[in-house]
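The values are calculated or read from the model by the stated rules, or taken from the named source; none is laboratory data. Since we're looking at a predicted model, the values are computed, not measured. Backbone-built Cβ (ideal geometry, glycine too); neighbour counts: all protein chains shown.
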Amino acid sequence: MDFNYTQKVQELQARLLKFMDEHIYPNEARFFREIAENRAKGNAWIPTTIVEELKPKARAAGLWNLFLPHSPRAPEGLSNLEYAPLCEIMGRVPFAAEVFNCSAPDTGNMETIARYGSEANMDQWLDPLLKGEIRSAFLMTEPEVASSDATNIQCRIERDGDEYVLNGLKWWSSGAGDPRCAVYIVMGKTNPDAGRHEQQSMILVSSNTPGVEVIRPLTVFGYDDAPHGHMVVRLTNVRVPASCLLLGEGRGFEIAQGRLGPGRIHHCMRSIGIAERALELMCQRLNSRVAFGKPIATQSVWREHIAEARCMIEQARLLTLKAAYMMDTVGNKVAKAEIAMIKIVAPRMACQVIDWAIQAHGGGGVSGDFPLAYAYANQRTLRLADGPDEVHRASLAKLELAKHLLNSDEATMPVTRGS
């Protein structure tokens with residue numbers, strides 16, 4: 001690996017850092033204040049004006065759709081390795097990625113439609129998503145089954161002439177609370193009698209289709225993440241044109257692997273960004289406070305935490321860059337071990353660094369006066385989103401064990417010592 005970023009990426013980094021300093025950090029408090037004001041008026045599910053004001057500026061600065069691989073529809077697109085340091089910068093502030101049209105679940109959904117959708121699908125949904133005119137949601141997880149094993153998913157997608165009919169209950173449908181959310185990608189079962197990994201399919205569903213009911217938002221440690229939201233959605237006899245099925249019946253797992261690889265690495269990049277910010281805030285707080293007659297920063301326990309945090313962040317970043325490099329050069333399938341590793345390592349690392357930063361801030365750390373409590377809630381969620389830690393560990397262990405399998409003769413051969 002070449003650890004030097006290209007001139008192109010360095011220029012984008014400089015431009016992005018400047019944009020963050022001029023437009024994102026100064027408006028962080030305004031973003032949350034707008035949501036609070038909307039909530040006080042009785043409806044928090046309204047797009048914030050500050051994000052909408054900043055989007056044209058980001059586009060004019062050439063900081064738009066950077067996540068998507070270069071294509072005629074996304075000429076600004078970058079490779080995973082090129083995007084990594086930029087995504088990390090965006091991850092420092094919760095709403096920043098949306099300003100650059102690089103926020104989940106839209107990023108994963110755009111990649112999915114670009115890879116697996118028809119030209120008509122792309123014209124209808126991908127183009128307005130790339131322009132930032134609409135938003136989207138991904139409906140996979142279900143409350144009635146252990147969705148960490150996606151073969152358990154029970155939502156039915158049944159063919160009826162030129163249409164498919166959907167019935168099921170989904171939750172943690174991130175993005176479905178936003179009034180701009182115009183399209184869902186839904187994973188469901190088309191053939192319960194097929195092989196274990198050939199039963200599922202994915203289909204595009206317009207959010208205003210009859211039979212779609214957004215029931216309620218779910219909160220994360222009390223945060224509802226308005227106006228984005230994580231919603232419970234019921235699908236009752238939802239009829240969708242057959243042309244909206246992605247790739248073909250029984251290809252849902254194949255699509256999921258293509259979608260979740262980039263999505264997981266984007267999450268990890270942003271985790272590194274918020275961990276860096278937490279470490280900065282921790283150091284600033286420790287340098288500015290005096291307890292028991294001396295600066296808190298001089299206490300050895302905090303120096304140990306700072307040193308450990310720096311090591312953990314650097315390790316996570318290097319592993320993430322390696323995974324990005326492999327995804328670009330050998331593909332997601334070959335890089336699946338590296339993708340699993342970063343999904344285990346990065347959110348856990350961020351949780352620990354943020355936790356130390358919260359402790360350094362005392363009571364302020366768990367309050368809304370600092371960004372740490374909200375950051376911790378987000379990072380703790382990532383240890384479950386896109387597959388819980390335990391599933392990634394199991395997959396990684398399986399791959400590791402497979403490297404060291406002995407053939408039957410070697411397995412039964414006694415170990416002897418030379419005389």
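Looking at (1) buried (at least 21 other Cβ atoms within 10 Å of the Cβ); (2) free of Cβ contacts under 8 Å to residues at least 40 places away in the same chain, which is the only condition Glu144 fails?
(1)
Answer yes or no: is there a residue in segment 154-166 that is within 23 Å of Ser103 (Cα to Cα) and among the aromatic types (Phe, Trp, Tyr).
no
Working only within segment 59-69, note down all residues that are farther than 20 Å from Ser136 by Cα and either more than 20 Å from the chain's Cα centre (by Cα) or at pLDDT below 95 (or both).
Residues satisfying the conditions are Ala60, Ala61, Gly62.
Exactly one condition in (1) touching a helix residue (DSSP H, G or I) at 6+ places or on another chain (Cβ under 6 Å); (2) in contact (Cβ under 8 Å) with a residue 12 or more places away in the chain; (3) under 24 Å from Ala278 (Cα atoms) is not met by Arg348; state its number.
If we test Arg348 against (1) touching a helix residue (DSSP H, G or I) at 6+ places or on another chain (Cβ under 6 Å); (2) in contact (Cβ under 8 Å) with a residue 12 or more places away in the chain; (3) under 24 Å from Ala278 (Cα atoms), just (1) comes out false.
From the list Glu254, Glu276, Glu198, pick out the single residue that is of a type in the set (Asp, Glu) and more than 22 Å from the chain's Cα centre (by Cα).
Unique residue meeting the criteria: Glu198.
If I go through segment 1-17 residue by residue, how many of them are surrounded by 12 or more Cβ atoms within 10 Å (Cβ to Cβ) and in a helix (DSSP H, G or I)?
The qualifying residues number 8.
Taking segment 196-237, which residues are surrounded by fewer than 16 Cβ atoms within 10 Å (Cβ to Cβ), among the polar types (S, T, N, Q) and under 29 Å from Gln379 (Cα atoms)?
Thr219 - this is the single residue of segment 196-237 that is surrounded by fewer than 16 Cβ atoms within 10 Å (Cβ to Cβ), among the polar types (S, T, N, Q) and under 29 Å from Gln379 (Cα atoms).
Given the options Leu384, Leu405, name the one that is assigned to a loop (DSSP other than H, G, I, E, B), among the aliphatic types (A, V, I, L, M) and surrounded by 12 or more Cβ atoms within 10 Å (Cβ to Cβ).
So the residue among Leu384, Leu405 that is assigned to a loop (DSSP other than H, G, I, E, B), among the aliphatic types (A, V, I, L, M) and surrounded by 12 or more Cβ atoms within 10 Å (Cβ to Cβ) is Leu384.
Any idea which residue in segment 151-190 is farthest from Asn109 (Cα to Cα), counting only those that are in a loop (DSSP other than H, G, I, E, B) and over 29 Å from the mean Cα position of the chain (by Cα)?
Only one residue fits best here, namely Gly161.
With respect to Asp355, is the statement that it is surrounded by fewer than 21 Cβ atoms within 10 Å (Cβ to Cβ), modelled with pLDDT under 95 and in a helix (DSSP H, G or I) true?
It is false that Asp355 is surrounded by fewer than 21 Cβ atoms within 10 Å (Cβ to Cβ), modelled with pLDDT under 95 and in a helix (DSSP H, G or I).
For residues in segment 93-104 being outside any helix (DSSP H, G or I) and out of contact with any Asp or Glu (no Cβ under 7 Å at 6 or more places or on another chain), which is nearest to Tyr374 (Cα to Cα)?
This residue is Pro94.
One residue is enough: does segment 290-298 have a residue meeting the conditions buried (at least 19 other Cβ atoms within 10 Å of the Cβ), at pLDDT 95 or above and in the same structural domain as Trp356 (by TED's automatic domain parsing)?
no
Please state which of the following conditions Gln257 fails to meet, knowing it meets all the rest: (1) in a helix (DSSP H, G or I); (2) in contact with a helix residue (DSSP H, G or I) (Cβ under 6 Å, 6 or more places away or on another chain); (3) closer than 27 Å to Asp389 by Cβ.
Checking Gln257 against (1) in a helix (DSSP H, G or I); (2) in contact with a helix residue (DSSP H, G or I) (Cβ under 6 Å, 6 or more places away or on another chain); (3) closer than 27 Å to Asp389 by Cβ, the one that fails is (2).
Yes or no, residue by residue, for (1) among the charged types (D, E, K, R); (2) assigned by TED's automatic domain parsing to the domain that holds Val366; (3) touching a helix residue (DSSP H, G or I) at 6+ places or on another chain (Cβ under 7 Å):
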{"site": "Asp178", "(1), (2), (3)": "yes, no, no"}
{"site": "Pro192", "(1), (2), (3)": "no, no, no"}
{"site": "Met202", "(1), (2), (3)": "no, no, yes"}
{"site": "Pro210", "(1), (2), (3)": "no, no, no"}
{"site": "Asp224", "(1), (2), (3)": "yes, no, no"}
{"site": "Met231", "(1), (2), (3)": "no, no, no"}
{"site": "Leu235", "(1), (2), (3)": "no, no, no"}
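From the list Thr107, Thr112, exactly one residue is part of a helix (DSSP H, G or I), under 28 Å from Thr381 (Cβ atoms) and in contact with a His (Cβ under 7 Å, 6 or more places away or on another chain). Which is it?
Thr107
So which residues in segment 243-255 are touching a residue at least 12 places away in the same chain (Cβ under 8 Å) and surrounded by 17 or more Cβ atoms within 10 Å (Cβ to Cβ)?
Correct list: Cys244, Leu245, Leu246, Leu247, Glu249, Gly250, Arg251, Gly252, Phe253, Ile255.
Could you say whether any residue in segment 35-46 is among the polar types (S, T, N, Q), crowded, with 19+ Cβ neighbours inside 10 Å and touching a residue at least 40 places away in the same chain (Cβ under 8 Å)?
No: zero hits.
Please determine whether any residue of segment 290-308 is out of contact with any Cys (no Cβ under 8 Å at 6 or more places or on another chain), outside any helix (DSSP H, G or I) and touching a residue at least 24 places away in the same chain (Cβ under 8 Å).
No, because not a single residue in segment 290-308 is out of contact with any Cys (no Cβ under 8 Å at 6 or more places or on another chain), outside any helix (DSSP H, G or I) and touching a residue at least 24 places away in the same chain (Cβ under 8 Å).
Please tell me if Val240 is farther than 22 Å from Ala104 by Cα and either crowded, with 18+ Cβ neighbours inside 10 Å or modelled with pLDDT of 95 or more (or both).
Yes, satisfied.
Take segment 202-224 and flag every residue that is assigned to a loop (DSSP other than H, G, I, E, B), touching a residue at least 24 places away in the same chain (Cβ under 8 Å) and either closer than 28 Å to Tyr116 by Cβ or touching a strand residue (DSSP E or B) at 6+ places or on another chain (Cβ under 9 Å) (or both).
Ser207, Asn208, Thr209, Pro210, Gly211, Leu218, Asp224
Under 21 Å from the mean Cα position of the chain (by Cα) and more than 17 Å from Arg92 (Cα to Cα): which single residue out of Lys8, Lys55, Lys41 fits that description?
Answer to the selection: Lys55.
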